[in-house]
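Undergrad: Mind looking over this structure? Questions follow.
The values are calculated or read from the model by the stated rules, or taken from the named source; none is laboratory data. Values in this document were obtained by computation on a predicted structure and should not be read as measured data. Here the Cβ positions follow ideal geometry from the backbone for every residue, glycine too, while neighbour counts run over all protein chains shown. To get the accessible areas, we keep the full protein, side chains included, count just its heavy atoms, and leave off ligands, DNA and RNA. Shrake-Rupley method; radii C 1.70, N 1.55, O 1.52, S 1.80 Å.
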Amino acid sequence: MGHEHARPAASRHHGNRHGRSERARQAVLEAADDLVAAKGFAGVTMELIASSAGVAKQTIYRWWSSKTDVLMDAFLQDAAQHLTPTDTGDLNRDLRVHLRQLADLLSHSDPGAVFKALIGHAQHDHTFAAAFRTRFLDEQRQRDRLLLDRAVQRGHLSADLDLAAELDQLVGPIYYRILVTGESVDADFTDHLVDGFFSRQPLLPPT
């Protein structure tokens, strides 16, 4: 009887410990976002992240080996949450919403500040650049393609469409303005990109 009671107690203890661990991890990721936005990449240290998150520095080092690893995980989590397009079946509307969300996140948010910092760091750290390219840029490219892939599957776009080239023309100008020119990436700009896409690739009539 006592043995039966002991097992749930141990399970509850493990669950609580896991819950505390996950809360601490989320606190670290959120602190990293905030600090980069406030202090810039160079002003952020593991010590500052630990202090801001209210955890011991050793706790952070159990999960990450450097601040770039923390920042990359923070940004990847934000990207997966906010940059996965919603598919309503209306490609015109869905593309407009997705490009606006992409532009807004990268240009007007704490995750956007982290993104720019990571891109800057990647210019002189080739090992990190390769990891960032694989873990974010490649993954985000797959997310950006989802709406086009599904439209092809539904017969709304031609199966012969060069999706890679069209995707470059849809999202490439957003990254260029954010990272190079600093020009506005407002809704008028992203809607113009969608208009250009449909002028090149009009939707096919329903069969």
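Undergrad: Give the residue, chosen from 185, 180, that is among the β-branched types (Val, Ile, Thr) and either under 17 Å from residue 93 (Cβ atoms) or assigned to a helix (DSSP H, G or I) (or both).
TA: Checking each option against the conditions leaves just 180.
Undergrad: Follow-up. Does residue 136 count as assigned to a helix (DSSP H, G or I) and under 19 Å from residue 172 (Cα atoms)?
TA: yes
Undergrad: For segment 176-207, name all the residues that are open to solvent by 40 Å² or more (accessible area, probe 1.4 Å), modelled with pLDDT of 95 or more and closer than 18 Å to residue 97 by Cβ.
TA: 186, 187, 188, 192, 195
Undergrad: Can you tell me which residue within segment 58-72, out of those that are open to solvent by 60 Å² or more (accessible area, probe 1.4 Å) and without any contact (Cβ under 8 Å) to a residue 12 or more places away in the chain, is nearest to residue 32 (Cα to Cα)?
TA: My answer is 65.
Undergrad: I'm trying to understand the selection: among the residues of segment 73-99, which are buried (at least 17 other Cβ atoms within 10 Å of the Cβ) and either assigned to a loop (DSSP other than H, G, I, E, B) or basic (Lys, Arg) (or both)?
TA: Residues satisfying the conditions are 83, 85, 96.
Undergrad: List every residue pair whose Cβ atoms lie under 9 Å apart, where the two residues are 6 or more positions apart in sequence or sit on different chains, the first residue falls within segment 40-57 and is among the charged types (D, E, K, R), and the second residue, located anywhere, is in a helix (DSSP H, G or I) and open to solvent by less than 50 Å² (accessible area, probe 1.4 Å).
TA: Cβ pairs passing all conditions: 57/46; 57/49; 57/50.
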